[in-house]
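Reading through the structure tokens given below for one structure.
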Amino acid sequence: MSELKAYAVWDAGTRWFHWLNVLCVIGLMAVGLVILFGRDLGISGDGKVLLKTVHTLIGYVFALNLIWRFIWGFLGNQHARWQSIKIKRGFIGTVRQYLASIRAGRPEQYLGHNPLGRLSVVLLFALLATQMVTGLVLAGTDLFFPPLGHWIAQWVAAPGIDPGLLVANAPQMYDSAAYESMREYRKIFGTIHVYGFYTLAVVIVMHIVAVVVTEIRSGSNIISAMFTGHKILSERPQDEQH
Ligand code: HEM
């Protein structure tokens with residue numbers, strides 16, 4: 001057997017993002033599920049507004065963390081950068097070669113993401129960004145929360161009502177025609193947010209299964225590496241830079 005060697009892989013910026021993101025997504029999915037099935041659970045009116053407010057406050061932490069990660073893609077170490085994440089020409093060939101190495105019982109080892117891992121990270125980032133954008137629109141159109149709430153309130157406030165005082169679930173404060181037309185525009189964002197949630201749930205399960213299987217099959221410590229930052233490999237990694 002080849003010698004084991006430790007490599008510094010995930011920098012602190014990437015690790016903090018990863019675990020804060022995990023916590024936020026768990027919180028958002030849990031509260032989101034209760035909102036989704038609110039009617040069946042007998043929650044309505046003020047209870048639902050409270051849940052949406054809590055969900056949105058977690059959503060702000062989630063959004064800031066995600067934006068920070070997108071910036072870190074230009075500043076972080078080699079493995080945190082977009083250059084290592086983006087799908088490049090010849091990617092399908094790289095995936096085929098990786099799958100062949102798994103079938104042959106000697107999976108290629110990578111310092112950063114293996115080709116399948118890179119695919120799942122791109123998919124996850126796309127879904128998380130979709131949830132962030134649609135969530136911020138929903139928070140503006142439902143609760144009149146920033147960054148869009150200010151404009152939405154000006155759009156739907158009834159004559160004589162100060163838009164700055166508008167609150168959720170208070171139809172007497174809205175101009176009903178403007179409110180109805182705002183809700184029409186909003187619909188598509190709600191639909192994408194819900195389907196984004198279901199898709200994200202499936203991709204997260206796939207991500208966790210893939211990580212556990214890779215850990216077991218390749219014998220490398222990819223799970224603890226997201227805590228310690230270090231990967232211990234027995235083979236020379238495919239993406240080692242000299
Ligand atoms: C991983 C990220 C997220 C997930 C999985 C998620 C999930 C959900 C789910 C399942 C619902 C219930 C949908 C419904 O009943 O129509 C929901 C609603 C909502 N989400 Fe998110 N969400 C995420 C991110 C965000 C963010 C970043 C924000 C804003 C900062 C946000 C704001 C809202 C609002 C305001 C609602 C209430 C919509 C309504 O009026 O029904 N969400 N979310």
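Just so you know, all these numbers are worked out from the coordinates, no wet-lab data involved. Values in this document were obtained by computation on a predicted structure and should not be read as measured data. Heads up, the Cβs are rebuilt from the backbone with ideal geometry, glycines too, and the neighbour counts pull from every protein chain shown.
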Practice task
Evaluate segment 217-231: report whether one residue or more is touching a helix residue (DSSP H, G or I) at 6+ places or on another chain (Cβ under 8 Å), loosely packed, with under 15 Cβ neighbours inside 10 Å and farther than 26 Å from Ala80 by Cβ.
Solution key: no
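Determine, yes or no, whether Gly27 is assigned to a helix (DSSP H, G or I) and either surrounded by 15 or more Cβ atoms within 10 Å (Cβ to Cβ) or more than 9 Å from the ligand (Cβ to nearest atom) (or both).
Values: assigned to a helix (DSSP H, G or I): yes; either surrounded by 15 or more Cβ atoms within 10 Å (Cβ to Cβ) or more than 9 Å from the ligand (Cβ to nearest atom) (or both): yes.
It is true that Gly27 is assigned to a helix (DSSP H, G or I) and either surrounded by 15 or more Cβ atoms within 10 Å (Cβ to Cβ) or more than 9 Å from the ligand (Cβ to nearest atom) (or both).
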Practice task
Name, by its number, the condition in (1) within 16 Å of the ligand (Cβ to nearest atom); (2) surrounded by fewer than 17 Cβ atoms within 10 Å (Cβ to Cβ); (3) within 22 Å of Gly45 (Cα to Cα); (4) polar (S, T, N, Q) that does not hold for Thr141.
Solution key: (2)
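Which of the following residues is farther than 17 Å from Asp142 by Cα and either surrounded by 15 or more Cβ atoms within 10 Å (Cβ to Cβ) or of a type in the set (A, V, I, L, M, F, W, C) (or both): Val34, Val49, Val54, Val9? Before the answer, list the steps.
On the way: Val34 fails: farther than 17 Å from Asp142 by Cα; Val49 fails: farther than 17 Å from Asp142 by Cα; Val54 fails: farther than 17 Å from Asp142 by Cα.
Selected residue: Val9, the only one of Val34, Val49, Val54, Val9 that is farther than 17 Å from Asp142 by Cα and either surrounded by 15 or more Cβ atoms within 10 Å (Cβ to Cβ) or of a type in the set (A, V, I, L, M, F, W, C) (or both).
For segment 147-242, which fully contained helices (runs of 4 or more DSSP H) count at least 1 residues that are within 27 Å of Val31 (Cα to Cα) and of a type outside the set (A, V, I, L, M, F, W, C)? Please lay out each step first, then the result.
Working: elements: 149-156, 176-218, 222-228.
Once the helices (runs of 4 or more DSSP H) in segment 147-242 are filtered for at least 1 residues that are within 27 Å of Val31 (Cα to Cα) and of a type outside the set (A, V, I, L, M, F, W, C), what remains is 149-156, 176-218.
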Exercise for the section: Test Thr94 against the criterion of being out of contact with any Gly (no Cβ under 9 Å at 6 or more places or on another chain) and either in a helix (DSSP H, G or I) or touching a residue at least 24 places away in the same chain (Cβ under 8 Å) (or both), and give yes or no. Expected result: yes
Handout entry: Count of segment 72-91 residues which are crowded, with 16+ Cβ neighbours inside 10 Å, outside any loop (DSSP other than H, G, I, E, B) and touching a Phe, Trp or Tyr at 6+ places or on another chain (Cβ under 9 Å)
Key = 5
Handout entry: Every pair of residues 6+ apart whose Cβ atoms lie under 9 Å, when the first sits in segment 30-48 and is in a loop (DSSP other than H, G, I, E, B) while the second is of a type in the set (Phe, Trp, Tyr)
Key = Ile43/Phe37
